[in-house]
Amino acid sequence: AIVWDEYLTGPFGLIAQYSLLKEHEVEKMFTLKPGRLPPADVKNIIFFVRPKLELMDIITDNVLREDRGRSPQRDFHILFVPRRSLLCEQWLKEQGVLGSFIHREQYSLDLIPFDGDLLSMESESAFKECYLESDQTSLYHAAKGLMTLQALYGTIPQIFGKGDCARHVANMMIRMKREFPGSQNSIFPVFDTLLLLDRNVDLLTPLATQLTYEGLIDEIYGIQNTYVKLPPEKFAPKKQGEGGKDLPTEPKKLQLNSAEELYAEIRDKNFNAVGSVLSKKAKIISAAFEERHHAKTVGEIKQFVSQLPHMQAARSSLANHTSIAELIKDITTSEDFFDNLTVEQEFMSGIDTDKVNNYIEDCIAQKHPLIKILRLVCLQSVCNSGLKQKVLDHYKREILQTYGYEHILTLNNLEKAGLLKPQTSGRNNYPTIRKTLRLWMDDVNEQNPNDISYVYSGYAPLSVRLAQLLARPGWRSIEEVLKMLPGPHFEERQQLPTGLQKKRQHGENRVTLVFFLGGVTYAEIAALRFLSQMEDGGTEYVIATTKLINGTTWIKSLMEKLEPAPF
């Protein structure tokens, strides 16, 4: 039997479905929770857990409550993901249960494939650990993951990076390579370049509302490990004459990835361009089903029947995405969504970033969700290189008085992370950065985009712009701006054994792996895919990250939960 740390079930589900584990003699699966383990007629019980102390307490409880008198006795094993932890083992030892585990191993799962061009470590606290707690464990896992990747796909000849964490990861990779001289592999390199980017080089992008189809699904419903849970009403099969009496109550769970043809086509489009694609598809599909009336000969009928499964899959896929698009449209056409977006776009294009914003004040007065407020205030702060002390104090006071003083710790965290801070240097660098990197485009074409700014309807994600400029004409052209952004920028070269250097064929694309340390949003992924598909781009991008994030999950990971003291 496997006892799962609940957080791991999502990522593991992408690699090994329950059916596969069953074939390998896994009889039962349980979620880790305090109390006695459920009865199961098995000899071995394996705990799959992250090395976190609070989980060790639960395991201790499970083990101590095990009935020692029963026969046959059950054997315990523990697997730490992704690394064993001395601290956890010491803790189990002090509780007197370490000896109960026959095997204590680690399962080094670093990078999990989410899609053909996307890998994630799904380490939710990586940003907080690196920037607030100075805990660089997740960076070590990132370096380890990159070493595994190089062992499989060849040494990456060029490493570029920007930011302190990026520097740290590159140093660890170089050191690991030096310490394992046997790691010289003779595999022809798949990647030409690795670009390591710190999330805090671009704090702005995740705060803004993503406007791609996939980005909006994530903003509104939250995509977890490629699955999304949606309100079921829209997906109830419509039957004649039943007047909808038994509507489903369970949320509808759908998997979203490029294996689904239609989703692959629309996921990275601006939401305003999705409707026309769906209606075109509907026409094509109904025309295909009409074909059956023209099938006269046995051969034609046979051909039609052979295409049927594909057509039915396409039809149900279309029905699902039409429903999702309707759900999203209800929200994006609301007044509140429009007002919120207008304020975001004003900040990003540099309008009124230095004074207290009326809309934000109104939202606080109406007690809108706190995360929405924090996203807007942080966005304003980032677009103004920090807020004037007077403005900052005003916002803080309003937030604490409305939402409660326990949030003072959250505000403190946001300040430490550089998201909500006083303007220290006395000057605002953001306009210079915006103009030099062309982060704001006034005339954006959402239907047939010609620039990455379509993913936010005007704002080009800074992180992706850096990747784009690195490929052409190179970072030398933007030295001045790079100096304004936090952390060092650097370049390392890794020697390849002779005979493995690439000779560029004419018209052959370079492949760049962009690794976001601290999280990446779906809109940034869409922008990188857009660059990969550009005719004259010459570069294909593969994306890796510590975690897939959006503004809400990101701010949530920085919030402190204060429990009121029991009196």
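By its C-alpha gyration tensor, with a ≥ b ≥ c as the square roots of the eigenvalues, how is the stretch 336-428 shaped: rounded for a/c under 1.5, else prolate for a/b larger than b/c, else oblate?
Details: a/c = 1.73, a/b = 1.05, b/c = 1.66.
Verdict is oblate for the stretch 336-428.
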Taking every other residue with Cβ under 12 Å from the Cβ of residue 198 and scoring Lys and Arg +1, Asp and Glu -1, one gets +1
Surpassing 18 Å at the alpha-carbon level, of the pairs 355/388; 52/372; 355/561; 435/483; 22/43, are 52/372; 355/561
The chain, accessible area per residue, ligands and nucleic acids excluded (1.4 Å, Å²):
50 Å²
Along the Cα→Cβ direction, 7 angstrom out, place labels at residue 366 and residue 560. What is the inter-label distance in nm?
3.1 nm
Theoretical FRET efficiency, 1/(1+(r/R0)^6), r = Cβ-Cβ of residue 477 and residue 148, R0 35 Å, to 0.05
0.55
Using the beta-carbon distance between residue 342 and residue 491 and R0 = 35 Å, what value does 1/(1 + (r/R0)^6) give for FRET efficiency, to the nearest 0.05?
0.30
Considering only protein heavy atoms, what is the solvent-accessible area of residue 121 at a probe of 1.4 Å, reported in Å² to the nearest 10?
20 Å²
Can you figure out the FRET efficiency of residue 54 with residue 429, using R₀ = 25 Å and their beta-carbon distance, to the nearest 0.05?
0.05
What's the extension gain from residue 335 to residue 227 if we count 0.36 nm per residue and subtract their Cα-Cα distance?
36.0 nm
Inter-part distance where the stretch 48-64 and the stretch 338-358 are each reduced to a Cα centre, Å
46 Å
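Could you list the chymotrypsin sites (Phe, Trp or Tyr not before Pro) in the stretch 103-136 that lie in coil according to DSSP, counting only those with at most 10 other Cβ atoms within 10 Å of their Cβ? Please report the intermediate quantities before stating the final value.
Numbers: sites: 107, 114, 127, 131; in loops: 107.
The qualifying sites: there are none.
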Counting only other residues whose beta carbon sits under 13 Å from that of residue 333, what net charge do I get with K and R as +1, D and E as -1?
-4
Any idea what the relative contact order of the stretch 2-109 is, in percent, if you count C-alpha pairs under 8 Å spaced at least 6 apart?
27 percent
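Given the peptides 137-147, 203-213, 366-376, 37-47, arrange them by the average over their residues of other C-beta atoms within 10 Å, most packed first.
On the way: 137-147: 21.5, 203-213: 25.6, 366-376: 17.5, 37-47: 15.5.
Output ranking for 137-147, 203-213, 366-376, 37-47: 203-213, 137-147, 366-376, 37-47.
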Using a simple spin-label model with points 7 Å from Cα along the Cα→Cβ vector, what separation in nm is obtained for residue 94 and residue 234?
5.0 nm
When the accessible area of the chain is split by element with a 1.4 Å probe, what percent falls to carbon and sulfur?
53 percent
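Does the stretch 186-231 classify as rounded, prolate or oblate by the C-alpha gyration tensor (a ≥ b ≥ c root eigenvalues; a/c under 1.5 gives rounded; else a/b over b/c gives prolate, otherwise oblate)?
oblate
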Obtain the nm distance between the two label points defined at residue 17 and residue 276 by a simple spin-label model: each point lies 7 Å from its Cα along the Cα-to-C-beta direction.
3.7 nm
Gap separating the Cα centres of the stretch 252-272 and the stretch 359-431, nearest whole Å:
34 Å
Please report, to two decimal places, log10 I(q)/I(0) for the chain at q = 0.11, 0.13 Å⁻¹ as given by the Debye formula with identical point scatterers on the Cα atoms and no solvent.
-1.19, -1.48
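The values are calculated or read from the model by the stated rules, or taken from the named source; none is laboratory data. Not measured: the values here are computed from a predicted model. A quick note on method: Cβ atoms are made from the backbone with ideal geometry, for glycine too, and the neighbour counts reach across all protein chains shown. Ligands, DNA and RNA are stripped out before the accessible areas are found, and what is left, the full protein with its side chains, is counted by its heavy atoms. Shrake-Rupley method; radii C 1.70, N 1.55, O 1.52, S 1.80 Å.
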